[in-house]
Amino acid sequence: VLTVVAETQGKVIRTYVQTGSRVSKGDILVQIDDELKQASYATAQAAFDKSKADWIRAQELYTQKVIADAELAGAKLAYASSESQLKASKRDLDNAKVRSAISGVVTERFVNEGALLGGGTPVAQIVDTQNLKLVVNVGERDVMKVKTGMQVKIETDTYPGADFTGIVSAISPKGDATLSFPVEIKIKADPKRPLFDGMSASVGINLGKRSILALPRTSLVSSYKKPQVYVVTDGAAHLVDVVAGGEYGTDFELVSGLNAG
């Protein structure tokens, strides 16, 4: 999801998109009043043309030993300053057309015609529907087996029985309180089975086989930060601290705290 912001000040005089509009990279989202910006750019262009001519003339005069070093340096400084002003004016004029930085679908437009914008004002939110990303958390025992470029299988409740293919694109070296590490997966878009931002999915990563002790996720009394379960002994339930690993479907790995059975 990308939030496009205004990079210049001014009043919105025209909008080009609505919520749900599909846009390509570079498309204009809104137009900011640029009448004064055009005048400023024209003035900067004229100043630049003059200073450039003065700089060329100064070099010729300096070669002929007509002017001193200080005058040559002054002409060079004026030329560089006018060039900088021209670039800044051109950038400000270009920014009056707020454009989309990516291709995708507009999920929300934040401004209407007549709105006064400042630099940094949010204009629209765009979702890149061609380059989807899914983030899953992988336990510390398994994360070292995950490698970038690995192919994974993805299933969603939206399309029962249909599998999507994803590629592991990034693995975070920083885990959370449950010792799980975020793994980023890129999904290739399928026009026949579109996916939307915010949908849930399950990911299958082939890490080989190993035996683990597992318990249902619903048996946890508290959170993963301090996992506990009730154990029945002599007809009474006792609260026991355990160490939890990764999640596997509706179960989680029991690293320590209880024995099998």
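The values are calculated or read from the model by the stated rules, or taken from the named source; none is laboratory data. As the structure is a computational prediction, the values presented were derived from the model and not from experiment. FYI the Cβ positions are ideal-geometry reconstructions off the backbone, even for glycines, and counts take in every protein chain you see. Side chains are part of the model used for accessible areas, which takes the heavy atoms of the whole protein and leaves out ligands, DNA and RNA. Shrake-Rupley method; radii C 1.70, N 1.55, O 1.52, S 1.80 Å.
Annotations for the structure displayed:
- Shape of the chain, Cα gyration tensor, a/c cut at 1.5: prolate
- Ignoring lysines fewer than eight residues from residue 37 along the same chain, the ones with Cα atoms less than 27 angstrom from its Cα are 11, 25, 50, 52, 76, 87, 90, 97.
- Alpha-carbon Debye profile of region 1-102, log10 I(q)/I(0) at 0.24 Å⁻¹: -1.14
- Cβ charges +1 (Lys, Arg) and -1 (Asp, Glu), total dipole of the chain, debye: 520
- Solvent exposure of the chain as accessible area per residue, Å², 1.4 Å probe: 63
- Built amide H within the under 5 Å cut-off of residue 27, gap 5+: 100
- Between the alpha-carbon centres of region 227-251 and region 1-49 there is a gap of 59 Å.
- In sequence order, calculated HN-Hα J values of region 244-261 (Karplus, 6.51, -1.76, 1.60; Hz; x Gly/Pro): 9, x, x, 9, 9, x, 9, 10, 10, 6, 9, 6, 7, x, 9, 9, 4, x
- Computed on protein heavy atoms with a 1.4 Å probe, the accessible areas place 230, 79 in the order 230, 79, largest first.
- Lysines with Cα under 16 Å of residue 186, excluding same-chain neighbours fewer than 8 positions away: 133, 147, 153
- Using the Karplus relation 6.51 cos²θ - 1.76 cosθ + 1.60 with θ = phi - 60°, the per-residue 3J(HN,Hα) values for region 140-148 come to 5, 6, 10, 5, 5, 8, 7, 10, 5 Hz, with x marking Gly and Pro.
- When the Gaussian network model of the chain links Cα atoms closer than 10 Å, the mean-square fluctuations of 223, 82, 24 top out at 223.
- The residues 157, 251, sorted by heavy-atom accessible surface at 1.4 Å with ligands and nucleic acids left out, run 157, 251 from largest to smallest.
- When nucleic acids and ligands are ignored and a 1.4 Å probe is applied, residue 110 ends up with an accessible area of around 80 Å².
- In order along region 64-76, phi translates into HN-Hα couplings of 7, 6, 8, 10, 8, 4, 5, 5, 5, 5, x, 5, 5 Hz, rounded to whole numbers, per the Karplus curve 6.51 cos²θ - 1.76 cosθ + 1.60 with θ = phi - 60° and x for Gly and Pro.
- Within region 36-151, the proportion of Cα pairs with more than 19 Å between them is 70 percent.
- Whether region 9-69 is rounded, prolate or oblate, judged on the alpha carbon gyration tensor where a/c under 1.5 counts as rounded: prolate
- Note on exposure: 132, 2 ranked by accessible area (1.4 Å probe, complete protein assembly) read 2, 132, with the most exposed listed first.
- Of the Cα atoms belonging to region 135-261, the radius of gyration and Dmax stand at 17.1, 59 Å.
- Close amide-amide hydrogen proximity is noted between residue 248 and 253, each under 5 Å apart and 5 or more residues distant or on a separate chain (H modeled in the peptide plane; Pro and chain starts excluded).
- Helix-only arithmetic for the chain: the sum of -39500 (n - 2.57) across DSSP H runs with n ≥ 4, divided by the residue total, places the mean residue ellipticity at 222 nm at -8000 deg cm²/dmol.
- Close amide H partners of residue 7, meaning residues 5 or more places away or on another chain with modelled amide H under 5 Å apart, are 120.
- For region 119-161, the share of accessible area belonging to carbon and sulfur comes to 46 percent (1.4 Å probe, ligands and nucleic acids excluded).
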